[in-house]
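Everything below concerns the one structure shown next.
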Amino acid sequence: MNTPSSASPAAGCLRIPPALEAAVAERIARYPQPRGAALMVLHALQDHFGFLSNEAIEWAAARLGVQPMQVLELATFYPMFRQEPPGRFHFKICRTLSCALAGSLALHARLCDRLGLDPASHGPQTTADGRFTVELVECLASCHTAPVLFCNQTFCEKATPEQVDRMIEECRSAPPEADGS
Amino acid sequence: MPNMIQERRIILEHLDRAGYTPDLGCYRRHGGYATFERCLALEPAATPEGQTLSGPEQIRLEVRRSGLRGRGGAGFPCGVKWSFVNLDSDRPIYLICNADESEPGTFKDRQIIHKDPHQLIEGILIAAYANRVHQAFIYIRGEFIEGARILDRALDEARGAGLLGRDILGRGYDLEICVHRGAGAYICGEETGLIESLEGRRPYPRIKPPYYPAVLGLYQCPTIVNNVETLCAVKHVAAMGGNEYAKLGVPGDPGTRIVCVSGQVRRPGYFEIEIGKATLGQLIHDLAGGLHPGRSLKAVIPGGSSAKVLRAGEKYKLKFARPDGKEIEREAALLDLPYDSASLAAAGSMCGSGAIVVLDDSASAVEALANIAEFYAHESCGQCTPCREGSLWMHKILQRILRRQGRPADVDNLERIAHNIPGGRTVCAFGEACSWPVQSFVAKFGDEFRQMTAPPP
């Protein structure tokens with residue numbers, strides 16, 4: 001099934017730059033069957049757009065030769081995929097045992113407290129201004145440097161409350177063009 | 001201290017040394033890829049029985065002789081796993097490196113991938129060559145963003161040096177390795193779930209039989225799934241020979257193993273030991289720096305969060321073989337347990353993924369179990385009802401106990417649920433993984449649970 005993306009009216013609204021198009025094609029070519037590349041294609045789309053819109057899912061489905069539903073069920077299953085845009089600065093704090101023993105839940109509570117979010121909520125929460133998203137995630141496989149967290153793609157080990165405060169300040173004072181670090 | 005245990009670094013030999021970098025040049029300067037080149041150049045050899053073995057057959061024989069057991073969690077002998085593959089099949093044979101390191105407490109694969117990626121690639125090359133594989137995948141967990149980049153760079157280097165791709169080193173062997181990123185789902189570490197995920201589906205594990213990966217794996221083709229550490233060990237088996245490798249460790253559980261120690265210890269870290277030659281006490285005290293000042297030991301989770309917890313003060317009956325071959329039984333305390341599969345099994349638990357989580361007397365058993373139960377409730381794929389519902393019920397009950405809204409019947413409820421999920425009622429071993437912690441914590445720390453669910457006086 002090689003439906004071009006323009007065949008779907010919704011997918012027509014999506015602007016896929018040529019470099020992304022080429023990267024997706026190159027990924028798909030590595031697999032015995034196009035569908036195998038589904039996660040890699042979704043990662044590429046989410047890295048570019050920040051989340052997976054219905055249009056992006058339809059576009060991916062056409063490239064992978066499957067129904068949009070078969071891509072949607074991946075987007076809803078895998079915790080790393082989002083269907084809503086996250087805040088500009090996305091904190092993911094490990095909540096699993098070794099990190100919890102090292103105080104990661106207190107770090108999460110502190111972040112929520114500073115940003116006006118609910119510390120009791122473990123799932124993703126975004127501030128009203130769309131600047132910050134905070135969530136607890138499961139084990140990040142760095143238990144010897146607990147507690148650990150991600151701020152966007154920056155991995156922070158042996159995180160302290162003071163460090164978290166500094167990170168918030170740095171995010172707040174980041175110039176608008178330094179988006180998505 | 002005279003009896004201070006030492007690490008025995010084979011896989012980790014170089015990677016933390018000053019100046020050791022993850023690039024091809026550095027790996028080669030340390031003898032890297034020499035084993036693979038030797039494997040590729042192996043001439044057919046005759047056995048004492050008059051059989052002629054091809055190069056790949058010789059490698060497979062060495063791996064079988066080594067007795068190497070898988071390092072991902074289940075501990076299945078690697079050579080036996082390989083022997084299930086029908087090499088004469090006209091279908092492609094795939095090799096998948098399971099780098100979906102997600103068992104809470106485990107962080108060893110990350111070290112290898114970040115600091116010595118070429119060692120893993122050499123292990124994959126040897127395993128692939130030995131099993132007629134021409135397409136391999138590295139399934140790396142999605143959160144290892146930097147790890148995936150490092151592997152991609154290392155694979156490009158290897159390709160540039162003729163170690164990957166078509167006609168490798170001019171010897172007519174072709175292999176491609178593709179890095180595939182997961183997206184945050186623990187169940188993808190289960191080998192058949194991983195295969196579904198790699199085919200672009202939800203990672204619902206497949207039922208065995210018939211879907212043993214070696215028989216009906218990726219695209220219904222014969223498929224070998226090995227953990228990162230296992231594949232690195234294969235490189236060392238090929239370098240040392242199976243018999244030499246088998247001299248390390250203990251009979252039935254040979255070699256070295258990277259043990260991750262975390263939780264309430266002073267120097268959490270990863271330590272490569274000869275299997276069975278260090279006790280839990282030596283790992284925790286000598287290597288991981290012991291407990292924090294003023295603290296006493298409460299419990300040890302010895303093999304990743306799925307392993308049954310061991311309580312300080314417990315005594316276990318271990319069987320030892322005397323030099324004359326006779327078996328004797330000896331009692332061992334928790335910290336005197338040698339770190340090997342048989343000893344941990346005798347203690348009612350397992351080495352699992354090689355991850356030790358230490359709890360001291362400041363930790364609450366209820367909180368620790370509630371934390372683990374939340375993990376499993378979040379990670380159950382939802383395919384089988386007992387696991388999907390049971391893991392969620394256990395999580396909810398534990399949360400309500402933590403909120404002091406527990407009911408006196410909750411302790412029994414937890415036990416009943418935890419005994420009704422596993423035992424063949426689910427497609428995969430996740431059912432066991434989510435139940436064992438609950439079974440063991442409630443059995444061993446029942447007082448703490450009952451205290452928190454007692455009606456107010």
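Quick check on my filter: what residues within region B:35-66 are assigned to a loop (DSSP other than H, G, I, E, B) and open to solvent by less than 30 Å² (accessible area, probe 1.4 Å)?
As a first pass, look at region B:35-66 and keep what is assigned to a loop (DSSP other than H, G, I, E, B): B:41-44, B:47-51, B:54.
Correct list: B:Thr47 only.
Between A:Thr76, A:Thr96, the distinction of being hydroxyl-bearing (Ser, Thr, Tyr), within 8 Å of chain B (Cβ to nearest Cβ), closer than 21 Å to B:Ile145 by Cα and out of contact with any His (no Cβ under 8 Å at 6 or more places or on another chain) belongs to A:Thr96 only. B:Phe320 meets all of the listed conditions (1) of a type in the set (Phe, Trp, Tyr); (2) more than 18 Å from the chain's Cα centre (by Cα); (3) surrounded by 15 or more Cβ atoms within 10 Å (Cβ to Cβ) but one, namely (3). Against the conditions (1) free of Cβ contacts under 8 Å to residues at least 12 places away in the same chain; (2) in contact with a strand residue (DSSP E or B) (Cβ under 6 Å, 6 or more places away or on another chain), A:Thr133 satisfies every one except (1). Every listed requirement among (1) closer than 30 Å to A:Leu101 by Cα; (2) within 11 Å of another protein chain (Cβ to nearest Cβ); (3) open to solvent by 10 Å² or more (accessible area, probe 1.4 Å) is met by B:Ala148 save one, (3).
Counting only helices (runs of 4 or more DSSP H) that sit wholly inside region B:287-405, those with at least 1 residues that are within 21 Å of A:Glu138 (Cβ to Cβ) and in contact with a strand residue (DSSP E or B) (Cβ under 7 Å, 6 or more places away or on another chain) are B:365-379. Within region B:157-175, identify whether any single residue is within 11 Å of chain A (Cβ to nearest Cβ), outside any helix (DSSP H, G or I) and of a type outside the set (Asp, Glu), and answer yes or no. No, the conditions are met nowhere in region B:157-175.
Take A:Ala106 and decide whether it is more than 9 Å from chain B (Cβ to nearest Cβ), open to solvent by 10 Å² or more (accessible area, probe 1.4 Å) and without any contact (Cβ under 8 Å) to a residue 24 or more places away in the chain. In short, no.
The set of residues in region B:176-219 being free of Cβ contacts under 8 Å to residues at least 12 places away in the same chain and within 14 Å of another protein chain (Cβ to nearest Cβ) consists of B:Glu196, B:Gly200, B:Arg201.
For region A:24-36, filtered to residues that are within 14 Å of A:Trp59 (Cα to Cα) and more than 7 Å from chain B (Cβ to nearest Cβ), the residue that is surrounded by the fewest Cβ atoms within 10 Å (Cβ to Cβ) is A:Ala25.
From the list B:Ile113, B:Ile93, B:Ile124, which one is within 14 Å of chain A (Cβ to nearest Cβ), crowded, with 24+ Cβ neighbours inside 10 Å and touching a residue at least 12 places away in the same chain (Cβ under 8 Å)?
B:Ile113
When you look at A:Glu58, is it assigned to a helix (DSSP H, G or I), at the interface with chain B (Cβ under 7 Å from one of its Cβ atoms) and either in contact with a Cys (Cβ under 7 Å, 6 or more places away or on another chain) or open to solvent by 50 Å² or more (accessible area, probe 1.4 Å) (or both), yes or no? Answer is no for this residue. If the condition is being over 22 Å from B:Ile187 (Cα atoms) and open to solvent by 50 Å² or more (accessible area, probe 1.4 Å), then region B:73-87 contributes B:Val80, B:Ser83, B:Phe84, B:Asn86. Within region B:317-344, the residues that satisfy the criterion of being of a type outside the set (D, E, K, R) and either farther than 30 Å from B:Glu101 by Cα or in the same structural domain as B:Ala433 (by TED's automatic domain parsing) (or both) are B:Leu318, B:Phe320, B:Ala321, B:Pro323, B:Gly325, B:Ile328, B:Ala332, B:Ala333. Condition test on B:Ala433, is it touching a residue at least 60 places away in the same chain (Cβ under 8 Å), of a type outside the set (Lys, Arg) and in the same structural domain as B:Gly269 (by TED's automatic domain parsing)? Judged against the criteria, B:Ala433 is not a match. Number of residues in region A:63-91 that are outside any helix (DSSP H, G or I) and surrounded by 24 or more Cβ atoms within 10 Å (Cβ to Cβ) equals 1. All of (1) part of a helix (DSSP H, G or I); (2) modelled with pLDDT under 95 hold for B:Ser102 with one exception: (1). Taken over region B:410-457, the criterion of being among the acidic types (Asp, Glu) and closer than 21 Å to B:Glu190 by Cβ is satisfied by B:Glu432 alone.
Looking only at residues in region B:249-271 that are under 17 Å from B:Cys351 (Cα atoms) and surrounded by fewer than 21 Cβ atoms within 10 Å (Cβ to Cβ), the one that is farthest from the other protein chains (Cβ to nearest Cβ) is B:Pro251.
Whenever a residue of region A:140-154 is in contact (Cβ under 8 Å) with a residue 60 or more places away in the chain, its partners that are among the charged types (D, E, K, R), lying with C-beta atoms within less than 6 angstrom and at least six residues away or across chains, give the pairs A:Phe150/A:Lys92. The residues in region B:46-83 that are small (Gly, Ala, Ser), modelled with pLDDT of 95 or more and more than 24 Å from the chain's Cα centre (by Cα) can be counted, and the count is 2.
The values are calculated or read from the model by the stated rules, or taken from the named source; none is laboratory data. This one's a predicted model, so the numbers in the text were calculated from it and none came from an experiment. Cβ: placed from backbone, ideal geometry, glycine included. Neighbour counts: every protein chain shown. To get the accessible areas, we keep the full protein, side chains included, count just its heavy atoms, and leave off ligands, DNA and RNA. Shrake-Rupley method; radii C 1.70, N 1.55, O 1.52, S 1.80 Å.
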